[in-house]
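The values are calculated or read from the model by the stated rules, or taken from the named source; none is laboratory data. Here the structure is a predicted model, which is why all the values come from computation and not from measurement. Every residue, glycine as well, gets a Cβ built from its backbone with ideal geometry; the counts of neighbours run over all protein chains shown.
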Amino acid sequence: MEWLVRAFPAAEGAMNAALAEAQARQAVTVAAWLRYPTAIDAALVAMAGPGGSARLDWLVGGDPHEMDEADYAWRTWVDEVVASWAAGLLTSPALAETAVAALAGCEHTAASPVDFRRLTAPDEYDRRAAPQLRHPDLMAPVTDLHRLRLLARLHGDPVGAD
């Protein structure tokens with residue numbers, strides 16, 4: 001979530017920043033739950049580490065040599081696939097609806113109901129708050145990285161989803 005909102009900042013203002021963060025958080029949550037459908041999957045990635053944001057940073061023109069140590073630390077915990085899937089969900093409400101529907105009955109949603117309205121049905125305030133996060137052309141380099149894997153996961157192809 002942090003990587004998305006830094007790479008594709010919200011419109012100016014505290015309310016816009018909060019709305020953009022909420023949208024990114026919902027997209028990353030759905031993407032992570034799709035990628036790691038069980039608590040064991042999530043625990044394994046927490047132990048091994050997700051890989052980092054180096055390729056994502058390069059795609060959006062970031063320079064890893066210009067980062068301070070604190071920036072570098074959190075970037076090592078960015079999951080490239082989750083960020084890519086989240087970008088895809090943010091730029092396509094229809095794809096986001098399909099993804100949320102795919103979570104029905106999964107281990108993550110079993111405990112309590114979850115609402116992803118800001119992701120699946122963004123209102124005018126959501127769209128104005130996060131124009132970059134919602135822009136398909138701006139997000140395309142990130143979305144395209146793992147789009148086929150997301151589609152494979154959503155259409156029940158476990159081999160293509162890995």
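Within region 19-44, work out how many residues are touching a residue at least 24 places away in the same chain (Cβ under 8 Å) and either surrounded by fewer than 16 Cβ atoms within 10 Å (Cβ to Cβ) or of a type in the set (Gly, Ala, Ser) (or both).
Residues flagged as touching a residue at least 24 places away in the same chain (Cβ under 8 Å) and either surrounded by fewer than 16 Cβ atoms within 10 Å (Cβ to Cβ) or of a type in the set (Gly, Ala, Ser) (or both) within region 19-44 amount to 8.
Which one is modelled with the lowest pLDDT among residues in region 62-75 that are closer than 24 Å to Thr143 by Cβ and over 19 Å from the mean Cα position of the chain (by Cα)?
Pro64
Consider only pairs whose beta carbons are under 7 Å apart and that are at least six residues apart or on different chains; among these, list those whose first residue lies in region 126-153 and is β-branched (Val, Ile, Thr) and whose second residue is assigned to a helix (DSSP H, G or I) and surrounded by fewer than 19 Cβ atoms within 10 Å (Cβ to Cβ).
Partner pairs satisfying both residue conditions: Val142/Leu59.
Within region 112-141, restricting attention to residues that are outside any loop (DSSP other than H, G, I, E, B) and hydroxyl-bearing (Ser, Thr, Tyr), which residue is farthest from Thr29 (Cα to Cα)?
In this case the residue turns out to be Tyr125.
Only one of these is surrounded by 14 or more Cβ atoms within 10 Å (Cβ to Cβ), out of contact with any helix residue (DSSP H, G or I) (no Cβ under 7 Å at 6 or more places or on another chain) and of a type outside the set (Gly, Ala, Ser): Trp58, Trp77, Trp85. Name it.
Of Trp58, Trp77, Trp85, the one residue that is surrounded by 14 or more Cβ atoms within 10 Å (Cβ to Cβ), out of contact with any helix residue (DSSP H, G or I) (no Cβ under 7 Å at 6 or more places or on another chain) and of a type outside the set (Gly, Ala, Ser) is Trp77.
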